[in-house]
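Beneath this line is the structure, given in structure tokens, with notes to follow.
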Amino acid sequence: MKNIPLRIFILILIAGIIGIVGVSILTIDITVLSDTYNDIINDHTETLKTTSDIRSLMYKHQSIISKHISADNEQKFEEYEAAAGEIEVILKAEFSQFGEKMKGGEREQIYHEAYTSYLSYLSNSKTALNFSVAGQDKTANYYVVYVMDDSVRSVNEAFDRLDKYAEAEITSATEKMNSYIEFSTISAFTAIPVIAAAVIICSISCFKITSNLNSYKNKLEIDIINKNKALHEHDEKMLQLQNSTIIGMATLIESRDGDTGEHVKRTSVYVAMLAQAAKLEGYEVQTLTDSYIELLIKAAPLHDIGKIAVSDTILLKPSRLTQDEFEKMKYHALEGGRIVRNVIGGIGDEEYIGIASDVAAYHHEKWDGSGYNKGLSGTDIPLCARIMAIADVFDALISKRCYKEKYPLDEAFKIIGDSAGTHFDPTLTAIFLHIRPQIEAYLNSIKE
């Protein structure tokens, strides 16, 4: 030490002290930042699970109310009322516990918006049950499809905002962590040459800090991967719940005219068979992609959703409709397209809503332009509606309705074939007749 000039010794000593103090501060800051980040991740994960549970319970509750409306005896009424009551108790507890965690700031405001929409949903569900008990099924259906669904959508929108709020917190924490990592890494590698000559411990500490930073970075990447996986699973679950609700609504509407919902299932199968066969035949392959066919099959159950606007006196009439009654019946196609766009539009992507709306609005149009409501003809009729028209008419022919007996299969296929070029797309008709063995095999399988 005597051989080292005093000034150099002092500079090295100061550098060593600054290095040790700096490493200590960085270590503390990284630890605090890491703990904060973990708290944000855990809080978001818990919030995501709670909102997912509440969404699931509300969809389940809405489905039970729909089943109550379509029930046909007192025992089922009581069972569904009891089931709905049990879910309401659970929902109340979930919201209460969730509210305790959402104290302060924007999160509390968003929670109150969701809670207010939930209270509105609960009130409307009780109104729907009262109408159902009173035998006013049409009004009860209106509350389920329109009023209650609006409340559910409001709750979902509020929860989506909570998700985005949490994602913003995670993004901010991630950016701050990355900036600390970059700054600490640069500081460590800059300080090592300066302080190594004086303080060995400083070099060791810097090396350890760098190793810890890499560990934190790896943990950060793993946390982000897990978060994205959880969000993906959440989206898949919500999509399944939405599909179940849509199918339940379509089945409920079909059950008004005595059908148990089998028409919805059968026509979806015919649509799938015809669309896939048309693709293999090379017909309109630019439109008939795998994605388009998948969305069409999903949209098929909604083709008669507009019947909710048709009164029972017309829908269940066992004899021929008058001209005035038929005009009112025809309105269900346009009403179906409107319902899909305005009511279901908030829970599906744009392409799906477009296909579902076209299927509902135009499946009664005819190739020669004599259909309703727009009088479209030829390829001006959307492809999805042309496919749906064949499936819908065929199943109507082979099914017993309140106003007719079912046709034998041979006669039904003959009627479809004879209608090529007038009622139906001639190319699609030929393909439909070609897949008759597949259709008959399916019909035989559901009889067993």
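The values are calculated or read from the model by the stated rules, or taken from the named source; none is laboratory data. Note that the coordinates shown come from a computational prediction; the quantities given were computed from them, not determined experimentally. Don't worry about glycine lacking a Cβ; one is built from the backbone with ideal geometry, like all the others, and counts go over all protein chains shown. With ligands, DNA and RNA removed, areas are computed over all heavy atoms of the protein, side chains included. Shrake-Rupley method; radii C 1.70, N 1.55, O 1.52, S 1.80 Å.
Over what distance in Å are the Cα centres of the range 404-445 and the range 261-284 separated? About 12 Å separates the Cα centre of the range 404-445 from the one of the range 261-284.
Take the Cβ-Cβ distance between GLN97 and LYS400 as r, set R0 to 56 Å, and report the resulting FRET efficiency rounded to the nearest 0.05. According to the calculation, E is roughly 0.60.
P(r) tail for the range 402-448: Cα pairs beyond 18 Å make up 40% of the total.
Using the Cβ-Cβ distance between THR379 and VAL147 with R0 set to 45 Å, the FRET efficiency from 1/(1 + (r/R0)^6) comes to roughly 0.70. For the range 290-448, the square roots a ≥ b ≥ c of the C-alpha gyration tensor eigenvalues yield an a/c under 1.5, which makes the shape rounded.
Taking 0.36 nm per residue of separation and subtracting the Cα-Cα distance, what length does fully extending ASP349 through GLU175 add?
This chain segment gains 59.5 nm when fully extended.
If a spin label sat at a point 7 angstrom from the Cα of GLN323 along the line to its beta carbon, the backbone N atoms of the range 334-377 nearer than 20 Å would be those of 370-375. Note on ASP312 and GLU281: the model spin-label points, each 7 Å out from Cα along the C-beta direction, lie 4.2 nm apart. Accessible area per residue was computed with a 1.4 Å probe on protein heavy atoms; HIS112 scores about 90 Å².
Gap in Å between the Cα centre of the range 82-137 and the Cα centre of the range 312-372? Between the Cα centres of the range 312-372 and the range 82-137 lies a distance of 33 Å. Summarising the label geometry, the points placed 7 Å from Cα in the beta-carbon direction at ASP39 and ASP137 lie 5.6 nm from one another.
Computed log10 I(q)/I(0) for the range 345-387 at 0.16, 0.31, 0.33 Å⁻¹: -0.40, -1.00, -1.08, from the Debye equation with unit scatterers placed on every C-alpha and solvent omitted. Based on the convex hull around the alpha carbon atoms, the range 117-173 presents an average projected area of 3.8 nm². Residues THR139, THR45 ordered from highest to lowest accessible area at a 1.4 Å probe: THR45, THR139.
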